[in-house]
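Here the structure is laid out as structure tokens; the discussion comes afterwards.
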Amino acid sequence: MNKKYFGVKEIAITAALLAICVISQIFKNVSIFITGPIINTCIIIAVLSVNLPCAILLCIITPVTAYLIAASPVMNMVPLIIPFIMLGNIVLAISTALLLKKSMSTANGLKSPLNYIKAVICAVLKGTFMGLTISLWLLPTFIPADSKLYGKLSVFQTNFSIYQAITAAIGFAYAFIIWAALRKFLKKEM
């Protein structure tokens, strides 16, 4: 069987999900709990409905568009944060592909309590990765002690660890709701 990773259908769905991500980033500086869950939802839906390479493409593009649309002060001070956000998103995409994609494609996928546990595991993996790399290493290393941002270091550390796990979990809740309808639509299409 010839797998198409970037056929017309895959590109169209990925582009629609990217458009949703870009629109949500307008609200990035309002609350992490608006943009974060939407972007995580789009990454999860890309994994479930398209494929892992398309989801990884979203993982790479969305931090760049976030920087271009509404760069936060911490992103301006530590631009090295962008590749680590990409990697955190990729952790979410890969763990979703490995733990959930196959079981979510079955009729009982949304009914299985195990899949909800796997979703929490995926969310915690993302939060843990970003917490270890960004919160515990990158930010304390690259934000100077005499900077005004240094006083907000604990806030940034929470944003890039615990809140990442929470927004990923919320993203799974949204994705599961969307997937309930989308899976039926995609099944009819095939």
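A search for C-beta distances below 7 Å between a residue of the stretch 153-168 that is farther than 22 Å from Thr41 by Cβ and any residue that is modelled with pLDDT under 95 and part of a helix (DSSP H, G or I), counting only pairs 6+ apart in sequence or on different chains, returns Phe156/Val74. Would you check if there is a residue in the stretch 87-96 being at pLDDT 95 or above, within 17 Å of Leu58 (Cβ to Cβ), touching a Cys at 6+ places or on another chain (Cβ under 7 Å) and surrounded by fewer than 19 Cβ atoms within 10 Å (Cβ to Cβ)? No, because not a single residue in the stretch 87-96 is at pLDDT 95 or above, within 17 Å of Leu58 (Cβ to Cβ), touching a Cys at 6+ places or on another chain (Cβ under 7 Å) and surrounded by fewer than 19 Cβ atoms within 10 Å (Cβ to Cβ).
Scan the stretch 1-18 for residues that are outside any helix (DSSP H, G or I) and at pLDDT 95 or above and the total you get is 0. In contact with a Leu (Cβ under 7 Å, 6 or more places away or on another chain), in a helix (DSSP H, G or I) and at negative phi, is that true of Ser95? For Ser95, the condition - in contact with a Leu (Cβ under 7 Å, 6 or more places away or on another chain), in a helix (DSSP H, G or I) and at negative phi - is met.
The criterion of being hydroxyl-bearing (Ser, Thr, Tyr), crowded, with 19+ Cβ neighbours inside 10 Å and more than 24 Å from Thr14 (Cα to Cα) does not hold for Ser49. Listed conditions (1) farther than 15 Å from Tyr163 by Cα; (2) without any contact (Cβ under 8 Å) to a residue 40 or more places away in the chain; (3) not in a helix (DSSP H, G or I) are all met by Ile23, apart from (3).
Being modelled with pLDDT of 95 or more, touching an Asp or Glu at 6+ places or on another chain (Cβ under 7 Å), surrounded by 13 or more Cβ atoms within 10 Å (Cβ to Cβ) and of a type outside the set (Val, Ile, Thr) holds for only one residue in Cys54, Cys21, Cys59, Cys42, and it is Cys54.
The rows are residues; the columns are (1) among the polar types (S, T, N, Q); (2) not in a helix (DSSP H, G or I).
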residue	(1), (2)
Pro83	no, no
Met86	no, no
Thr106	yes, yes
Val120	no, no
Ala145	no, yes
Tyr150	no, no
Ala165	no, no
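Within the set Ser31, Ser103, Ser72, the sole residue that is closer than 26 Å to Leu138 by Cβ, of a type in the set (Gly, Ala, Ser) and free of Cβ contacts under 8 Å to residues at least 40 places away in the same chain turns out to be Ser31. In summary, Ala181 fulfils each of the numbered conditions (1) small (Gly, Ala, Ser); (2) under 28 Å from Val30 (Cβ atoms); (3) in contact with a helix residue (DSSP H, G or I) (Cβ under 9 Å, 6 or more places away or on another chain) with the single exception of condition (3).
The values are calculated or read from the model by the stated rules, or taken from the named source; none is laboratory data. Every value quoted in this text rests on a predicted model; they were computed, and no experiment measured them. Cβ atoms come from the backbone with ideal geometry, glycine included; neighbour counts cover every protein chain shown.
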